[in-house]
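Read through the structure below, which is laid out as structure tokens, and then see the notes.
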Amino acid sequence: MVKLRFAPSPTGNLHVGNFRTALINFLFTQKYNGHFLLRIDDTDIERSRVEFEKSIKEDLSWAGLNWDSLVKQSDRLSRYKQVLESLIEKELVYPCFETPEELSLKRKSQLSSGKPPVYDRSSLKLSLKDIEGFKSEGKKPHYRFLLKHETVFWNDMVRGDSKYNMGNISDPIIVREDGRFIYTLASVIDDIDLKISHIIRGEDHVTNSAAQIQIFNSMGANVPIMGHLSLMTDIKGEGLSKRTGGLSIKDLRNEEIESLSLNSYLSLAGTSENIILKENLKEIISDFDITNFNRAPTKFNYNDLKNLNSKYIQKLDYEELKLRFANHEFKLEKNVWDLIRANVSSLNEIQEWENIIYGKLKETKVDKSLKKEFSKYLPNGEFDDETWRNWINNLKENYDMNKGEIFKLLREALTGYKAGPEMSSLIIILGKEKVLERLNN
Ligand code: GLU
């Protein structure tokens, strides 16, 4: 059975990088009729917040990434304690009493003598009597997992044959002195108990994975198949950190990015496929192939995403548009939608054009007396398909300006914009009265 999990820590809003991991896990399960588990990694009680858990769930639901089951690590603490006891018994886990200051001093002196800052395992040498002594002084131990100093190998779905030399890393702390479980062990226990078949996550977890493979092995469990996605960077190749800001799913939603645009974009970014807008989630699932993802960093190009979003909006026909934005009371009729659709990429922009067409125009930069002059040359009679062209020709004959200039100024005088929908049709929709009003007031 294919079973994958997305395991966010509810310590902040979902960021585009993490969302991508969620999407790819989801797509993988859907492609192989598997099970998508949402695991809330909330063992860090100081930083975890229910409101973040709620907002993560909202974002996933918005994107259509529905989970089949949900587990919270905070509900599983007694199970973790039980496993910890058995690992201590097997001497795979050992108590340590160094304070953070002592550890930091050790690291500094290792670094200054050119050695890698790997934990020296001093606590491993403590006798039972030492340990009892520390405890009776009121000192609380933290626990480390005893790594085997050998090379760990795995076949990575994204990175291919992979290996990691465990001699280079410190025995990972798995329980803090205040008793809080750290993700490293808790995650393995969950992955075993919940029968996770594949783990797909970011490349920043490679070292974790190597240590966790040893933990899986030490517990006699099968190691899930792993895949590490390259990290996302901005277009300059710099990390998409919190510092960059503005890239939470909440922000993208506020910027009216559609879930289909985001899902299409993130299912293709970092592969050698072209970035295109997919028809629906079903198509994204059927086109999905984990082996398409490259090892090179994945650039997040906001403009590409925006372009997909414009395509999405522009493809909607009038009925679809009204359905998609059912909460908006559309003033525009079908003919107006057909006229403006090529020029808009969001509901905001649609509203903007509705205001331009049906509302009052804000002051434009076009000279007042020039506007008055323009109005004098408006062809007589009702507006029709020829009106705009005839009007421009009339003006050209009487002014020392080329057609392009006249066109631009008139457009700006009538819409407030230098670009926009086809003017010959737009003036018919505006009507003679409004056109004259805009030129004379
Ligand atoms: N809570 C971890 C994180 O957000 C989960 C990593 C994993 O998928 O195992 O980085």
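A short reminder: the numbers here are calculations on the coordinates, not readings from a lab. No experiment lies behind these values; they were computed from the predicted model shown. Cβ sites come from the backbone with ideal geometry, for glycine too, and all protein chains shown count toward neighbours.
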Segment V206-T271, extension gain: residue separation times 0.36 nm, minus the distance between their alpha carbons: 21.4 nm
Stretchable slack from K282 to N441, in nm (0.36 nm times residue separation minus alpha-carbon distance): 51.9 nm
Listed residue (L124, L147, F134) projecting farthest to the positive dipole end of the stretch 113-188, Cβ model: F134
25 °C / 0.890 mPa s Stokes-Einstein diffusion coefficient of the stretch 1-152, Kirkwood radius on C-alpha pairs, µm²/s: 130
Of K334/K432; K31/K299; K90/K148; K125/K163; K360/K418, those spanning more than 23 Å from alpha-carbon to alpha-carbon: K31/K299; K125/K163
Stretchable slack from S78 to S127, in nm (0.36 nm times residue separation minus alpha-carbon distance): 14.9 nm
Amide H contacts of G202 (H built 1.01 Å from N, under 5 Å, at least 5 apart or other chain): L229
In sequence order, calculated HN-Hα J values of the stretch 40-57 (Karplus, 6.51, -1.76, 1.60; Hz; x Gly/Pro): 8, 8, 10, 6, 7, 5, 5, 9, 6, 9, 4, 5, 6, 4, 5, 6, 4, 5
Prolate/oblate/rounded label for the stretch 224-289 (Cα gyration tensor, a/c 1.5): oblate
Cross-link reach list, aspartates and glutamates versus K108, counting only Cα pairs under 14 Å and skipping chain neighbours closer than eight places: D120
Candidate lysines for bridging to K72, where Cα separation is under 17 Å - those fewer than 8 sequence places away on the same chain excluded: K3, K54, K57, K81, K195
Cα shape, the stretch 298-408, gyration tensor, a/c 1.5 rule: prolate
Which of Y32, S112, A419, positive extreme of dipole for the chain (C-beta unit charges): S112
Sequence-distant lysines (8 or more away, or on other chains) whose Cα lies within less than 16 Å of K396: K371, K372, K376, K408
Vicinal HN-Hα couplings computed from phi for the stretch 156-171 (Karplus, 6.51 cos²θ - 1.76 cosθ + 1.60; Hz; Gly/Pro x): 8, 4, 9, 9, x, 4, 10, 8, 8, 8, 6, x, 8, 10, 6, 4
Inter-part distance where the stretch 418-441 and the stretch 112-144 are each reduced to a Cα centre, Å: 80
Estimated inter-spin distance, E101 and E85, nm [label 7 Å along Cα→Cβ]: 3.5
Computed FRET value (nearest 0.05) for K236 with R295, which takes r as the C-beta separation and R₀ as 22 Å: 0.70
Relative contact order for the chain, counting Cα pairs under 8 Å that sit 6 or more residues apart, in percent: 13
Helix-only [θ]222 nm of the chain, DSSP H runs n ≥ 4, -39500 (n - 2.57) each, per residue, nearest 500: -13500 deg cm²/dmol
Simple spin-label estimate for A342 and N217 in nanometres, 7 Å along Cα-Cβ: 6.3
Paired Rg and Dmax values of the chain, which use every Cα atom, in angstrom: 30.9, 106
Separation of the V2 and S112 label points, Cα + 7 Å toward Cβ, nm: 5.5
Cα gyration tensor shape of the stretch 173-231, rounded if a/c is under 1.5, else prolate or oblate by comparing a/b with b/c: oblate
Förster radius 60 Å - calculated FRET efficiency between R176 and K434 (Cβ-Cβ, nearest 0.05): 0.30
